[in-house]
Amino acid sequence: MAICGFVVAGCSKPGGQGDGSDVNAKRVTAVEKESPHEGGTLTMALTGVDTLDPARANEASTGQRVVLDLLYDGLVHWDSAVSALTPALAKSWTVSDDDLTWTFDLSANAQFSNGRPITSTDVKFSLERLAARGTSALSAVQLAGLKGYDDFMARRAEAIAGLVATDPTKLVIVLDSPFSMLPELLASPAFGVVAKEGFDATGALVGTPIASGPFTVKTRTADKLELVRAPRSRALLDGVIVMLSADTDASYALFVKGDVQLASTSPDQVLEAAVANVRSNNGGSFFYGMNVTAPALANAALRAAIIKAIDRDALRAKYFAQSGELANGFIPPGLPGYRDDACAAACAFDAAAAKQMVTAALAGAPAPTVHVDYYVDAAGREAEIATAVAQSLVAAGVPAEPRSHTFEEYTTFVASGAAELFRFGWVGTYLSPDAYLTPLFGSKTVDNVFGFKDAQSDQLIAAARSAADPGARVAKYVALEDRVLSLSAVVPIVRFRSVYALGTTVRGVTSDAEGLFDVERIWLAQ
């Protein structure tokens with residue numbers, strides 16, 4: 001399963017209804033007449049930066065992904081300021097009439113920080129290196145649609161047949177089935193292109209990372225990165241200094257001291273009124289999933305009653321008042337297809353109605369005992385939430401018992417299919433509704449831990465992925481979200497937020513639906 005790090009996600013814009021971010025507006029009038037310009041060094045403090053290797057990244061960490069985006073370019077780039085894909089290492093790309101063959105033409109000027117030209121062979125190497133991680137990385141699993149992926153993972157082939165470096169500036173990607181969001185996927189920081197000579201025989205980074213992105217590493221210590229603008233970079237800044245903080249308290253403390261101009265902070269942190277900030281949903285969510293193959297939860301009408309019985313907003317208010325907002329669906333704000341209340345009345349708490357629904361669902365049969373599965377955390381929060389959920393079910397007439405697991409065993413337990421009503425989390429890895437629906441609810445996907453198999457949902461996924469027209473594609477994903485919600489396999493609870501404190505001279509910070517910002521667009525006022 002690729003749910004390691006996502007089962008416990010409590011982490012951390014294309015078009016759509018809003019961009020998912022709320023930028024503090026106090027400075028708007030003051031900066032209206034300013035114009036972006038080059039120069040200066042931005043100092044920032046980020047958390048969760050454990051590696052400078054894209055293939056080893058924790059995809060639930062926004063800080064980690066921001067740093068990778070500084071150092072590595074992929075084939076394409078997501079420009080959050082204009083909400084559109086733009087060229088990166090690839091100057092252009094096309095797709096065949098059958099939507100199975102994509103051709104990416106690389107820029108002849110692209111080069112690594114060591115001066116070597118970046119070729120299609122480097123892109124192929126980088127994608128195969130990530131794919132080799134298999135189910136241990138969510139981004140790796142997203143490459144499963146490449147022709148020859150299964151043979152490569154089973155070691156029946158040394159390379160992925162669907163990745164063809166036809167010449168140094170042309171990469172052809174062949175798919176087993178249409179996937180119209182392939183460019184959006186490849187814009188994710190996890191798909192940054194690396195140089196083979198930057199790794200040893202074990203796959204570990206050697207020395208200073210060889211960058212392919214807008215910035216290169218000048219110096220590196222255990223707690224600080226000093227980056228400088230690459231020769232052909234689109235960035236406005238001359239450099240970026242990244243302080244690697246252990247947590248958001250340490251990060252914000254550096255901001256308060258004036259040591260950094262931008263800092264990741266906790267949504268629970270009470271920022272001073274004068275501190276400008278960017279607040280954004282970060283793509284992470286917290287919910288309770290239901291194993292629809294478990295005998296206790298095989299009855300869809302009973303599952304619908306369970307959702308109605310849980311006071312989701314009370315849980316949000318008690319445990320996530322500052323860190324998240326109530327989730328009423330799967331597609332997050334900032335993505336096409338987002339709706340404020342996708343779940344509508346089906347998710348609205350009503351204890352009396354839930355009790356009546358339980359009686360109707362059972363039709364005189366004895367109520368099954370439902371186990372509420374959770375992992376043990378140091379603060380005891382997960383046990384409290386599981387207990388509250390169990391009590392809600394009991395009040396509605398469904399016997400329920402919290403069932404604890406160690407953190408270490410929890411992912412394996414959920415993946416085994418033995419869980420019943422279980423704590424789960426998710427984070428999208430690319431800016432498309434597909435990232436929040438297909439991995440979880442496709443009948444054959446490895447991250448479908450709900451036993452959810454529905455022919456209509458699979459048909460909608462296939463139709464969305466093959467739709468060239470963006471509007472038609474979004475309509476299919478909205479229909480898919482409605483279909484999944486109607487089958488009552490998930491209790492949505494919270495969408496998490498990312499928050500960045502900004503210094504008075506920082507301009508051009510725009511957060512996307514995953515809580516990431518485009519450092520190439522940032523500039524410093526004089």
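The values are calculated or read from the model by the stated rules, or taken from the named source; none is laboratory data. Owing to the predicted nature of the structure, the values given are computational and were not obtained by experimental measurement. Here the Cβ is made from the backbone with ideal geometry for all residues, glycine too, and neighbour counts use every protein chain on show. Each accessible area value is taken on the protein alone, full model and side chains, heavy atoms only, with ligands, DNA and RNA left out. Shrake-Rupley method; radii C 1.70, N 1.55, O 1.52, S 1.80 Å.
What lysines could a cross-link reach from Lys308, if we take a straight Cα to Cα line under 16 Å and drop same-chain neighbours fewer than 8 places away?
Leaving aside lysines fewer than 8 places away in the same chain, those within reach of Lys308 are Lys355.
If you take the beta carbon distance between Gln459 and Thr94 as r and set R0 to 22 Å, what does 1/(1 + (r/R0)^6) give as a FRET efficiency, to the nearest 0.05? Present the calculation step by step, with values, prior to reporting the outcome.
Values: r = 27 Å, r/R0 = 1.24.
Efficiency computed from Cβ-Cβ geometry: 0.20.
Stretched out fully, how many nm does the piece from Lys218 to Asp469 gain, at 0.36 nm a residue minus the Cα gap?
86.0 nm
Under a plain spin-label model, where a point goes 7 Å from the Cα along Cα-to-Cβ, how far apart in nm are Arg483 and Asp50?
Label-label distance for Arg483 and Asp50, simple model: 3.5 nm.
Taking a ≥ b ≥ c as the square roots of the eigenvalues of the Cα gyration tensor of the stretch 322-440, is the shape rounded (a/c under 1.5), prolate (a/b larger than b/c) or oblate?
Here the stretch 322-440 falls in the oblate category.
Can you pull out the trypsin sites (Lys or Arg not before Pro) in the stretch 93-192 that DSSP calls coil and that have at most 14 other Cβ atoms within 10 Å?
Arg155, Arg156
Using a 1.4 Å probe and ignoring any ligands, DNA or RNA, find the accessible area of Glu325 and quote it in Å² to the nearest 10.
Solvent-accessible area, nearest 10 Å²: 50 Å².
Obtain the nm distance between the two label points defined at Glu408 and Ser35 by a simple spin-label model: each point lies 7 Å from its Cα along the Cα-to-C-beta direction.
Computed distance between label sites Glu408 and Ser35 equals 6.1 nm.
Quick check: from the Cα gyration tensor, does the stretch 390-489 come out rounded (a/c under 1.5), prolate or oblate?
prolate
Describe numerically, in nm with one decimal, the distance between label points set 7 Å from Cα along Cα→Cβ at Gln391 and at Val206.
Those two pseudo-labels are separated by 5.9 nm.
Got a sec? Which residues in the stretch 144-167 would a label at Ala108 touch, if it sits 7 Å along Cα→Cβ and we count backbone N under 16 Å?
167
For the stretch 174-298, what class follows from the C-alpha gyration tensor (a ≥ b ≥ c being the square roots of its eigenvalues): rounded when a/c is under 1.5, otherwise prolate if a/b is larger than b/c, else oblate?
oblate
Determine the distance separating the Cα centre of the stretch 501-522 from the Cα centre of the stretch 206-264; give it in Å without decimals.
14 Å
Measure off, as a whole percent, the carbon and sulfur share of the 1.4 Å-probe accessible area of the chain, all protein chains present. Intermediate results must be reported in sequence, preceding the final value.
Values: 10900 of 20470 Å².
Here carbon and sulfur together make up 53 percent of the probe-accessible area.
Run the helix sum for the chain: -39,500 (n - 2.57) per DSSP H stretch of 4+ residues, divided by residue count, reported at 222 nm to the nearest 500 deg cm²/dmol. If you can, show how the numbers build up before the last one.
Values: 15 runs with 142 residues, N = 526.
When only DSSP H runs of four or more count, the value is -8000 deg cm²/dmol.
Given a Förster distance of 22 angstrom, what is the FRET efficiency for Ala301 paired with Ala379, based on the Cβ-Cβ distance and rounded to 0.05?
Working from the Cβ atoms, E equals 0.05.
Using +1 at the C-beta of Lys and Arg and -1 at the C-beta of Asp and Glu, which of Tyr374, Leu205, Gly515 has the Cα lying farthest in the positive direction of the dipole of the chain?
Ranked along the dipole, the leading option is Gly515.
At a Förster distance of 30 Å, what's the computed FRET efficiency of Thr504 paired with Ala246, Cβ-Cβ distance as r, to 0.05?
Efficiency, from the Cβ-Cβ distance: 0.70.
Looking at the stretch 427-526, which trypsin sites (Lys or Arg not before Pro) are in a loop (DSSP not H, G, I, E or B) and have at most 16 other Cβ atoms within 10 Å?
Lys444, Lys453
Could you tell me which of the pairs Lys170/Lys444; Lys444/Lys476; Lys170/Lys218; Lys196/Lys444; Lys147/Lys170; Lys257/Lys318 are separated by over 26 angstrom between their Cα atoms in the structure shown?
Those over the limit are Lys170/Lys444; Lys170/Lys218; Lys196/Lys444; Lys257/Lys318.
For mean projected area of the Cα convex hull in nm², several values are listed as (i) 30.3; (ii) 24.0; (iii) 21.8; flag the one computed from this structure.
(ii)
Rounded to the nearest 20 debye, what is the charge dipole size of the chain about its Cα centre when +1 sits on each Lys and Arg Cβ and -1 on each Asp and Glu Cβ? Spell out each step's value before the answer.
Working: 44 positive and 58 negative charges, 35 e Å.
Here the size comes out at about 160 debye.
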